[in-house]
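The values are calculated or read from the model by the stated rules, or taken from the named source; none is laboratory data. Bear in mind that the values here come from a model prediction, so they are computed numbers and not experimental data. Cβ sites come from the backbone with ideal geometry, for glycine too, and all protein chains shown count toward neighbours. Accessible surface areas use protein heavy atoms only, side chains included; no ligands, DNA or RNA. Shrake-Rupley method; radii C 1.70, N 1.55, O 1.52, S 1.80 Å.
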Amino acid sequence: MQIQPAMPRSWRPETKPHKFCPGCGHGIVLKALGEAIDELEIQDRVVFGCDIGCSLLSWDFFNVDTVQTHHGRTTPVMVGMKRANPELIVVAYMGDGGGYAIGTQHLVNAATRNDRITVILVNNTQYGMTGGQMAPTTLPGQKTETTPFGRDPELTGYPIQGPEMVASITRDGAYVARGTVARPRQLKEFIKRALQNQMAGRGFSFVEALSTCPTNWRTNAEDTWKFIEKEMTRYFKVGEVKVPPELARGKGEREDG
Amino acid sequence: MPTKPKPVEGEKKVFMTGNEVVAWAAAAAGAECMYGYPITPQNEIMHYWTRLAPKFGLIFLQTEDELSAGFTMLGGVLAGRKSFTATAGPGNTLMQEPLSMAEMMRLPAVVVIQQRGGPSTGQVVYSQQEVTLTSLGGNGEGLRVVYSTSSHQDLYDYTIKAFNTAWRYRFPTFLLGDGYQGKMREPVVMYDPEVRGVELVPAEPYVGRPGTPGVDRPPAHLRNAYSIEEELYEAVMELVREYEKVAPEIVEHEAFGVDGARVVAVAHGVVFRAVKGVVRELRQQGVPVGYFRPITLRPFPADALRRVAATGVRLLVVESAYGQLARLVKEALSGLPAEVHGLYKPGVLVGQGEIATRIKTLVQGG
Amino acid sequence: MARPVKILLAGEGGQGVQAVAEIIAEAAYEKGREALYIPNFGIEQRGGVSLAFVQVGDEPIGPPRFETADLAIALSDRAVVRSRPYVGPETTFIYDSSIGTNHLPQGVARLVAVPAIEVSKKELHPRVFNVMILGAVIGLTGVITVEEAKEAIERRLGHRFEKDPALRELNHRAVERGVELVKGKL
Ligand SMILES: Cc1ncc(C[n+]2csc(CCOP(=O)(O)OP(=O)(O)O)c2C)c(N)n1
Ligand code: SF4
Ligand SMILES: [Mg+2]
């Protein structure tokens, strides 16, 4: 992983270097988000909500108004905020445990209601903050602290297909994509489009980001990248899953709400 | 921008259910958002709110559960709008999670609780069994305000007051009613707070203020998680100090006939209505009895109650729960040699005959 | 302290006891008296026996539910059973004459049978059965007058009477007939 010297304008320099482990994907996702905010020039309108999980470490990450919430509850906080003040551009940032386990009902219902919020969900195949337990995203056979002999799909199922689920329960205005920290430029584009879709008032916007957790994967740099690029992509297909026709047409152009 | 019509103009006497009273009062208090999940016996608060919504520009969302109702409410508060929710029983249990966040982050959430029977699903009608949960729930220190109402006039007055208290002091505030209060009809005077000289404390946004964060102003960085024990300790002690400082301004009670009384009955909510009638009647007959009604259960009117107890009276706590109010009373009186007796009927209203008999026995030294 | 009049109405779902209770409480309130009305609303409410607690007085009413009714009216066998916890030696207990006497409470002040179901069927219309009961309550307690009851009915059903004036007439006769039914029964 390369650390680029240039920091997004919307980052808060005083709180850098950030608090994630070396090699952690969270920083890359937040860099993509920072660049998207910069390019859309929305630093003064964005409110960033972070979950409990390693995402909580980003509570003072940006020069952007930020609210830390509870594990799994970032979605409803941002839904309530957006409905109370639709001028705000709200981002709910969470892990796979927060979004797909404890907060599933919020994700499903916000998507169904087509709430005009942007959800960015970091899929690192396990619970990072609590020390590497199984998540709904854990791969078959993957060892975690609570599946020490590898995840057995017979007992605990297969990895959840988050974006595919969200795509299937949302209607036309929704934007759904899966990016990866292995392709930061593409990830930034996806996040940018998810923000533009909210700004246009079209609908629910969701980006899952495949991400690294070398600490709990217990991988060196080489194995970390092998895991995210080779192993994870066997179950998680990277790309846009659902794009509103208007957004597809406006590809690459600047859109404003 | 055209000014919105006022939900309640001037003053008018009406005859309606308590749930309807709450909806009107919240609107009169300047509340703009209600987020809620259906549960008996509070449903009609949402029903009336949604009917008032188009006319007065109010926001409503029926959420997927009470966790979401509580957290969306916090989102509304963060955006700078007076927001509230209403729940009961098992919903109150779930509501403690968002309210714990409100307590930590000083978010002026307002929650209406119409108590029903418990534990578990219990019954959907009535109880006073949510006193402990509402006053001390969550994984914290119970830094919240709880108003216990006992009439429709209380529901109206204290709903308005709850929003003012919440936004003035920035502690989550509960209105603790019950199913009987929610469902019964009785007269109430509704008024435009301004007409009564009640000033409405304005709401303010926590996020999205003018200017670019980090350029024109510092960003709002609001958190509830801390890295080390000492850091959280400092944060909690700051909350506690602030709470204890404002508590004397918030605390409320009502008392009658306590001077020269041999027995003082302590009750809140609708049970207080029963106690009040009995005590006043016995007093007329010359029985030395008085009553003490805590209006705020948090903060508890401990000083006032201690003054009453210091005269050596016997206290009789009467409640539709098995000693939940009594626990607050005993804590308030700790160190005093006061006798605290209990008449506990979890989930049912305590009858006036029963109360009178118990008081007379205690007066006679039994 | 002047005690309020305490009225318990009990009937099968669909017999309209809640409407009667609401009319009495609201009419009393309209004429400036203190009034409180609360229905029972437990889970059993659907399809079961429906109870209504009404109190009318001149001072603010105490607890919303009372232990002992001054007047209890039960309109079915099951309703009789459900009312029994709320009756005492002072209670006037009214029941419909069609009900068997097995479960009737003992030791009340008065037990009065009124042929409300029969009369409403034969002379008026089954749908105004509850309005006759309203008349009976008025006849027995005087908490509101017949005129006030008619006004309260007008407030609730006026829009329907506009289309069907005969309906108004039917309702008025039902109140009056209810009063007659209990005349001399106290
Ligand atoms: C109600 C509740 N239950 C459990 C926890 C403990 N907890 C904190 S973070 C976490 C899991 C985080 O995993 P994930 O959401 O995948 O985020 P990551 O750390 O992997 O980025 C859990 C279970 C909590 N904070 N709150
Ligand atoms: S534990 Fe994993 S997810 Fe959390 S900061 Fe470290 S590398 Fe990142
Ligand atoms: Mg994770």
Single condition B:Val348 does not satisfy, out of (1) within 24 Å of the chain's Cα centre (by Cα); (2) assigned to a loop (DSSP other than H, G, I, E, B); (3) closer than 24 Å to B:Leu143 by Cβ
(3)
Among the residues of segment C:79-89, is any outside any loop (DSSP other than H, G, I, E, B), under 21 Å from B:Asn19 (Cα atoms), in contact (Cβ under 8 Å) with a residue 24 or more places away in the chain and within 14 Å of another protein chain (Cβ to nearest Cβ)?
no
Taking the conditions exactly as written (of a type in the set (Phe, Trp, Tyr), open to solvent by less than 10 Å² (accessible area, probe 1.4 Å), at pLDDT 95 or above and more than 19 Å from B:Val146 (Cβ to Cβ)), does B:Tyr35 satisfy them or not?
yes
For segment A:30-41, does any single residue satisfy the condition of being more than 9 Å from every other protein chain (Cβ to nearest Cβ), within 14 Å of ligand 1 (Cβ to nearest atom) and of a type outside the set (Lys, Arg)?
yes
Listed residues B:Pro5, B:Pro108; which is modelled with pLDDT under 95 and either open to solvent by less than 10 Å² (accessible area, probe 1.4 Å) or touching a helix residue (DSSP H, G or I) at 6+ places or on another chain (Cβ under 9 Å) (or both)?
B:Pro5
Anything in segment B:135-147 that is under 17 Å from B:Val270 (Cα atoms) and out of contact with any Lys or Arg (no Cβ under 6 Å at 6 or more places or on another chain)? List them, or say none.
B:Tyr147
Being away from ligand 2 (no atom under 16 Å from the Cβ) and over 29 Å from B:Arg217 (Cα atoms) is the requirement here; does A:Gly97 meet it?
no
Restricting segment B:78-99 to residues that are of a type outside the set (Lys, Arg) and at the interface with another protein chain (Cβ under 8 Å from one of its Cβ atoms), the one most open to solvent (accessible area, probe 1.4 Å) turns out to be B:Glu97
For segment A:98-155, name all the residues that are of a type in the set (D, E, K, R) and open to solvent by 40 Å² or more (accessible area, probe 1.4 Å).
A:Arg113, A:Arg116, A:Lys143, A:Glu145, A:Asp152, A:Glu154
Just to be sure, is A:Ser168 within 19 Å of the chain's Cα centre (by Cα), surrounded by fewer than 16 Cβ atoms within 10 Å (Cβ to Cβ), modelled with pLDDT of 95 or more and away from ligand 1 (no atom under 16 Å from the Cβ)?
yes
Hey, can you tell me all the residues within segment C:18-50 that are modelled with pLDDT of 95 or more, more than 8 Å from chain B (Cβ to nearest Cβ) and crowded, with 24+ Cβ neighbours inside 10 Å?
C:Val20, C:Ala21, C:Ile23, C:Ile24, C:Ala27, C:Ala28
Please work out which one of (1) open to solvent by less than 10 Å² (accessible area, probe 1.4 Å); (2) under 29 Å from A:Leu107 (Cα atoms); (3) in contact (Cβ under 8 Å) with a residue 24 or more places away in the chain is the condition B:Gly75 fails and give its number.
(3)
Scan segment B:211-251 for residues that are within 30 Å of B:Leu315 (Cα to Cα) and either open to solvent by 40 Å² or more (accessible area, probe 1.4 Å) or within 14 Å of another protein chain (Cβ to nearest Cβ) (or both) and report the count.
5
Scan segment C:163-178 and give yes if some residue there is within 18 Å of C:Asp70 (Cα to Cα) and over 14 Å from the mean Cα position of the chain (by Cα), otherwise no.
no
What do you reckon, is A:Ala194 assigned to a loop (DSSP other than H, G, I, E, B), more than 15 Å from ligand 3 (Cβ to nearest atom), more than 14 Å from chain B (Cβ to nearest Cβ) and under 30 Å from A:Pro8 (Cα atoms)?
no
How many residues of segment A:203-224 are closer than 21 Å to A:Thr74 by Cβ and more than 16 Å from ligand 1 (Cβ to nearest atom)? The answer is 3
For segment A:121-155, name all the residues that are away from ligand 1 (no atom under 14 Å from the Cβ) and assigned to a strand (DSSP E or B).
A:Pro140, A:Thr147, A:Arg151
Considering only segment B:174-192, I want to know if a residue exists there that is assigned to a loop (DSSP other than H, G, I, E, B), at pLDDT 95 or above, touching a Ser or Thr at 6+ places or on another chain (Cβ under 7 Å) and within 14 Å of chain C (Cβ to nearest Cβ).
yes
